[in-house]
1. Would you list Thr93, Thr77 from the most to the least accessible area, probe 1.4 Å?
2. What distance in nm separates the two pseudo spin-label positions at Ile54 and Arg108, each 7 Å out from Cα along the beta-carbon direction?
3. Grab the Cα-Cα distance for Thr93 and Leu67, subtract it from 0.36 nm times how many residues apart they are, and report the gain in nm with one decimal.
4. Please give the contour-minus-distance gain from Leu25 to Phe41: 0.36 nm per residue of separation, less the Cα-Cα distance, rounded to one decimal in nm.
5. Sort 70-76, 23-29 for me by packing, meaning the mean count of neighbouring Cβ atoms within 10 Å per residue, highest on top.
Amino acid sequence: MTWKPLPARSKEDSPSDLGVSLDRLSESFGAPPSAVLRIVFARWEEVVGEALAIHAKPVLIRHGTLLIAVDEPCWATEVKWLAAELLDKLATTAGEPVASRVEVRVHRSGRGDPPGEQRSGKMGLSSGSATQATNAVSSGRPGQSARKPDLKG
């Protein structure tokens, strides 16, 4: 038997760039391109600041909606209040709009696997200290009235 080379591949059978494949997959799920997803998920703390990132994590982006999981209801209120500013900051960092709206879900640790990153220790705050913690983060000092925190610039 004589050796013969395989027939030439058509362009459709050729391997494609992984980034292009990931972008097609993301698009099929209603998500933005992979480069945008990488910015949202890998640079979340840098974009939103440490104080918010401790309590809020991006879960998914689908059909223009960014789903964020928080550990306490007070943080859900904070994220909803900051939604437009968060989307603007993410769009500036990504170089294109990430989503057009934000949806927030409260997910306390100890009730199944958290949708965001698993943390060591207790993820949430006791209900008695949640408002104080929000005020402390918002104003910079415990006991002060809440005001809109500055996102990292």
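The values are calculated or read from the model by the stated rules, or taken from the named source; none is laboratory data. Note that the coordinates shown come from a computational prediction; the quantities given were computed from them, not determined experimentally. Note: ideal-geometry Cβ built from the backbone for every residue, glycine included; neighbour counts use all protein chains shown. The accessibility values were calculated without ligands, DNA or RNA, using every heavy atom of the protein model including side chains. Shrake-Rupley method; radii C 1.70, N 1.55, O 1.52, S 1.80 Å.
1. Thr77, Thr93
2. Each label point lies 7 Å from its Cα, and together they span 1.9 nm.
3. Result: 7.6 nm gained on full extension.
4. Numbers: separation 16, 0.36 × 16 = 5.76 nm, distance 1.70 nm.
Full extension of this stretch gives 4.1 nm more.
5. Working: 70-76: 21.4, 23-29: 12.7.
Packing proxy ranking, top to bottom: 70-76, 23-29.
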